[in-house]
Amino acid sequence: QKEVEQDPGPLSVPEGAIVSLNCTYSNSAFQYFMWYRQYSRKGPELLMYTYSSGNKEDGRFTAQVDKSSKYISLFIRDSQPSDSATYLCAMILNYGGSQGNLIFGKGTKLSVKP
Amino acid sequence: DGGITQSPKYLFRKEGQNVTLSCEQNLNHDAMYWYRQDPGQGLRLIYYSQIVNDFQKGDIAEGYSVSREKKESFPLTVTSAQKNPTAFYLCASSRSREYNSPLHFGNGTRLTVT
């Protein structure tokens, strides 16, 4: 069983739609959760970084963590064509040591049509 | 502007040749990383360095080498021993050696070996 599961898509939505992107994980030791956005032929850029269960909002983006279900989500409100990108979830295990404990999902490709 | 610079953007080499990918950061970050990204595979960690003159192997270090002689620089050499070197290579850094520091990425180098 893979540690982090993420549906690769592609996901296509009309402009203005609410987008829901999700990752599930199997190891309850994951404690820090991130969402990255990656445009084609570019490096990933950090969108959201959360620790606790619950919601964190930043503009049109909301990150949600449900540790009891081992499930994280990224919601995008009023989606725009400029949101078209691949979205990667990433998680860090909660014991100390190196950043070798950072695990990425494979990414979901999102296309927002005007 | 602070950031991570990877050069060149595109690199072409003949099989059997070693090639070095450059990564420079002016964020004053302690830790630096190299990832490889292949379609459908997600991000895989090659090497990381938490401090100058020290580095550790990641999940797929075979056929690669690194050095960390300066805080701002972390070059990656893809040797002829790497069996499948054609890929998109991403360099990243994080502010501290703390395991929960989020990563910031460069815009990658696409290496093609024929």
At the level of C-alpha centres, the distance separating region B:19-95 and region A:3-36, in angstrom, is 26
Express the relative contact order of region A:1-84 as a whole percentage, based on alpha carbon pairs under 8 Å and six or more residues apart in sequence. 33
Chain B accessible area per residue, 1.4 Å probe, protein heavy atoms, integer Å², reads 49
For region B:3-102, listing trypsin sites (Lys or Arg not before Pro) in a DSSP loop whose Cβ sees at most 13 other Cβ atoms within 10 Å gives B:Lys9, B:Lys14, B:Lys83
Charge dipole (debye, nearest 20) of the protein assembly as shown; +1 at Cβ of Lys and Arg, -1 at Cβ of Asp and Glu: 420
With every protein chain left in place, what is the accessible area per residue of region A:1-67 in square angstrom, probe 1.4 Å? 53
Restricting things to Cα coordinates, could you compute the convex hull volume per residue of chain A in Å³? 102
For region A:1-96, run through the chymotrypsin sites (Phe, Trp or Tyr not before Pro) and keep only the ones in DSSP coil with at most 11 other Cβ atoms within 10 Å of their Cβ. A:Tyr95
For A:Tyr39 and B:Glu15, extending 7 Å from Cα along the Cα-Cβ vector and measuring point to point gives, in nm, a value of 3.6
Report, ordered by chain and residue number, the aspartates and glutamates lying within cross-link reach of B:Lys70, taken as a straight Cα distance under 13 Å and ignoring same-chain residues fewer than 8 apart. B:Glu24, B:Asp30, B:Asp54
With a 1.4 angstrom probe the carbon and sulfur portion of accessible area for the protein assembly as shown, in percent, totals 46
Minimum 10 Å² accessible area buried by the other protein chains, region B:36-61 residues, probe 1.4 Å, relative to alone: B:Gln37, B:Gly40, B:Gln41, B:Gly42, B:Leu43, B:Leu45, B:Tyr48, B:Gln50
Losing no less than 30 Å² of accessible area (probe 1.4 Å) relative to the isolated chain, the residues of region A:31-60 are A:Tyr32, A:Tyr36, A:Gln38, A:Arg41, A:Lys42, A:Gly43, A:Pro44, A:Leu46, A:Tyr49
Cα-derived Rg to Rh of chain B, Kirkwood definition: 0.94
Kirkwood Rh, the protein assembly as shown, all Cα pairs: how many Å? 18.1
Enter the buried accessible area of the A/B pair, total of both sides, probe 1.4 Å, in Å² rounded to the nearest 100. 1900
Simple Cβ-charge dipole of chain B, Lys/Arg +1 and Asp/Glu -1, about Cα centre, in debye nearest 20: 240
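The values are calculated or read from the model by the stated rules, or taken from the named source; none is laboratory data. No experiment lies behind these values; they were computed from the predicted model shown. Positions of Cβ are generated from backbone atoms using ideal geometry, with glycine treated the same way; all protein chains shown enter the neighbour counts. Note: areas computed on protein heavy atoms with side chains; ligands, DNA, RNA excluded. Shrake-Rupley method; radii C 1.70, N 1.55, O 1.52, S 1.80 Å.
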